[in-house]
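Report on the structure given below.
The values are calculated or read from the model by the stated rules, or taken from the named source; none is laboratory data. Here the structure is a predicted model, which is why all the values come from computation and not from measurement. Here Cβ is always computed from backbone atoms with ideal geometry, including for glycine, and neighbour counts include all displayed protein chains. Just the protein is used for accessible areas: all its heavy atoms, side chains included, with ligands, DNA and RNA removed. Shrake-Rupley method; radii C 1.70, N 1.55, O 1.52, S 1.80 Å.
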Amino acid sequence: MNLKLRVWRQRGPSDPGRMITYSVEGISPDASFLEMLDVLNEKLILDGDDPIAFEGICGMCGMMINGVAHGPERATTTCQLHLRHFSDGDTIDVEPWRAAAFPVVKDLVVDRGAFDRIIQAGGYVTAPTGAAPDAHATPVPKADADAAFEAATCIGCGACVAACPNGSAMLFTAAKVAHLGLLPQGQPERHTRVLDMIDAQDAAGFGGCTNAGECTAVCPKGIPLTLIGRLNSDYRHAATANSR
Ligand code: SF4
């Protein structure tokens with residue numbers, strides 16, 4: 001396949017940035033989008049140009065491709081997006097996540113430290129140290145275990161934020177609150193967790209949720225909107241109980 005790429009190039013956080021056009025020729029339709037960027041970067045390096053900065057670690061491969069988080073296939077990751085989903089001769093726009101809370105570091109790399117601060121605020125359980133408890137010492141109903149596991153599959157990629165017209169992180173925070181709040185081990189801090197994580201989310205500059213639903217449409221792990229409803233319910237109970 002022969003493709004034209006219009007890629008966002010930005011030397012650093014204070015550089016205004018611009019789209020630069022590149023040609024990629026003779027690439028297999030079975031190559032992934034990230035493999036294609038590797039091929040392009042090899043050519044740029046051989047030509048003495050600055051390679052395009054992007055992240056290829058699991059959960060970090062986020063980029064807007066033709067205006068869609070992780071590309072037109074939706075609900076996948078960029079490493080699983082293959083060129084056969086495009087047509088020979090296509091021009092493809094590639095940009096970093098666009099959200100105030102995810103400042104651009106360079107080219108397609110953004111700083112997702114805001115997610116770390118939300119986790120630091122409450123994404124944990126406290127447990128006494130000592131010998132490991134016996135397996136099954138704390139029974140967990142199967143339905144709760146399954147729902148907690150589904151929530152725990154969130155990889156923190158940030159596609160939900162990038163897709164949201166408000167730049168909201170509610171789907172991410174909802175998944176992190178639910179995966180602990182659904183389990184018995186997560187109950188002692190259930191109220192403080194949701195209050196502190198929402199405070200951290202607001203302090204990081206994420207927008208509010210208006211139920212647009214774009215987040216779940218692009219989420220590679222299928223985190224459902226119902227978890228945002230659960231988050232709101234938890235928050236209401238916690239705020240009432242703690243008079244915040
Ligand atoms: S909720 Fe989905 S889209 Fe958002 S960070 Fe988690 S895995 Fe990524």
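Points to keep in mind about this one:
- Single residue of region 207-222 satisfying the filter (closer than 17 Å to Asn166 by Cβ and in a loop (DSSP other than H, G, I, E, B)) that is nearest to the ligand (Cβ to nearest atom): Cys219
- For Arg193: the one exception among (1) of a type in the set (Lys, Arg); (2) open to solvent by 30 Å² or more (accessible area, probe 1.4 Å); (3) away from the ligand (no atom under 16 Å from the Cβ): (2)
- A single member of Ala121, Ala151, Ala131, Ala145 is open to solvent by less than 30 Å² (accessible area, probe 1.4 Å) and away from the ligand (no atom under 15 Å from the Cβ), and it is Ala121.
- Of the residues making up region 56-72, just one is more than 14 Å from the ligand (Cβ to nearest atom) and surrounded by 18 or more Cβ atoms within 10 Å (Cβ to Cβ), namely Ile65.
- Some residue of region 94-107 being of a type in the set (D, E, K, R) and open to solvent by less than 20 Å² (accessible area, probe 1.4 Å): yes
- Identity of the residue in region 177-190, part of a helix (DSSP H, G or I) and open to solvent by 30 Å² or more (accessible area, probe 1.4 Å), that ends up nearest to the ligand (Cβ to nearest atom): His179
- Matching entry among Pro51, Pro16, Pro29 (being surrounded by 14 or more Cβ atoms within 10 Å (Cβ to Cβ), at pLDDT 95 or above and more than 20 Å from the chain's Cα centre (by Cα)): Pro51
- Inter-residue pairs, beta-carbon under 6 Å, first among the hydrophobic types (A, V, I, L, M, F, W, C) and in region 231-242, second open to solvent by less than 70 Å² (accessible area, probe 1.4 Å), 6+ apart: Leu231/Ala174; Leu231/Val177; Ala238/Val194; Ala238/Leu195
- Boolean, Leu81 is without any contact (Cβ under 8 Å) to a residue 40 or more places away in the chain, farther than 30 Å from Asp196 by Cα and either open to solvent by less than 40 Å² (accessible area, probe 1.4 Å) or under 16 Å from the mean Cα position of the chain (by Cα) (or both): no
- Test: residue in region 124-135 that is among the β-branched types (Val, Ile, Thr), under 27 Å from Thr173 (Cβ atoms) and touching a residue at least 60 places away in the same chain (Cβ under 8 Å): yes
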